[in-house]
1. Which of the three applies to the stretch 41-128, rounded, prolate or oblate, going by the alpha-carbon gyration tensor with a ≥ b ≥ c and a/c under 1.5 meaning rounded?
2. At a Förster distance of 51 Å, what's the computed FRET efficiency of residue 238 paired with residue 143, Cβ-Cβ distance as r, to 0.05?
3. Would you mind checking the pairs 51/137; 49/136; 52/137; 137/211 and listing those with alpha carbons more than 24 angstrom apart?
4. State the extension gain, in nm to one decimal, for the chain segment bounded by residue 258 and residue 210, taking 0.36 nm per residue of separation less the distance between their alpha-carbons.
5. Among residues other than residue 28 whose Cβ falls under 12 Å from its Cβ, what is the net charge (Lys/Arg +1, Asp/Glu -1)?
6. Go through 126-133, 144-151 and give me the packing order, highest mean Cβ count within 10 Å leading.
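Read-outs throughout are calculated quantities, based only on the coordinates presented, and are distinct from any laboratory measurement. Owing to the predicted nature of the structure, the values given are computational and were not obtained by experimental measurement. With ideal geometry, Cβ positions are generated from the backbone for all residues, glycine too; neighbour counts draw on all protein chains shown.
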Amino acid sequence: MILKAYLEMNDTNRSISETVELFQLIVYAPTFTLGLLFNVMALSFLFFKVKKLSESTVYMIALIFLDTLLLFTLPFKIISYHSRGTWKLAPVLCSTLESLYFVNMYGSILISLCICVDRYIVILHPFTAPSLRSTKKAAMVCAVVCLAASAGTVSTSQLHGEDNNNLYCFHNFSKSTWENVGLLSTLETVFFGSMAAMIFCTVQIIRCLRKHRNPDNPQTYTSRAEKIVVANLVAFLVCFTPYHVVYFLYFLVKNNIIHTSFQKVLKDTIQITLCWANLNCCLDGVCYFFVLRESLEDPLRNSQKTATRKP
């Protein structure tokens, strides 16, 4: 299911434009550096400052792990594009890197959905939450998501078709890959389904928080929690929506549903939106670090805060 991230580049045997290639280098270099730094800092807080794991911190660990997988592939993506046609490293390495990239993209989306649903249960169903939530259950959910995402990488070896003599990596996918309607439907459903569920849960959480806000003190904890919930949703939408919209349009072009005159523009645009989507790794790391630090300032409210914020 996660193969979609690559379909972006299977255009023709031509390389992407030099302008887009430069844009990728400019974006990926700081994304890799800052994303890795922020995620390491967040993990350091988790392992050395947080004394007891909660459901939220379990989801956080899983999401940071998936983000790190994507960050690891970015330098190799730069190498792949810069080589302009030939993957000079081992073919098995290319397949592994592509799999890691796919696991992150949709594994992160699904874990983000789990985090949002977890907060929804805590805020709107506090009496049933204890029976529905536990760190063990959260760990099981993360394991299922990662296994499901990993299962999608089985078809990674088929992205380039049976004849891939030039050993392309991260781009130049086969015609059959682009004609796979089931793949398109699965990937788009995962994202837009998650997006709809997150919007619903976030709206309900905000309504509940505002209902219980103290009118005499607008700068209450619920007000701060509300801002973080909104920020999490906005980051999700801003990072992932452009890519999935452009990917759908590019699929239509590759299948001659939309005039092929749009192919070159969409080809460049899908590369740019994919770079933009990868920025989510940095945003996750920054958000986690500051939320963890704030939660440590008030241990008595730690469990409540992590339940109403993105961990």
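1. Working: a/c = 4.11, a/b = 2.30, b/c = 1.79.
Prolate.
2. Details: r = 29 Å, r/R0 = 0.57.
For R0 = 51 Å, the calculated efficiency reads 0.95.
3. On the way: 51/137 19 Å; 49/136 21 Å; 52/137 16 Å; 137/211 30 Å.
Too far apart for the 24 Å limit: 137/211.
4. The residue 258-residue 210 span can extend by a further 12.7 nm.
5. Working: positive: 77; negative: 21.
Net local charge, residue 28 excluded: 0.
6. Per-residue Cβ counts within 10 Å, averaged per peptide and sorted highest first, yield 144-151, 126-133.
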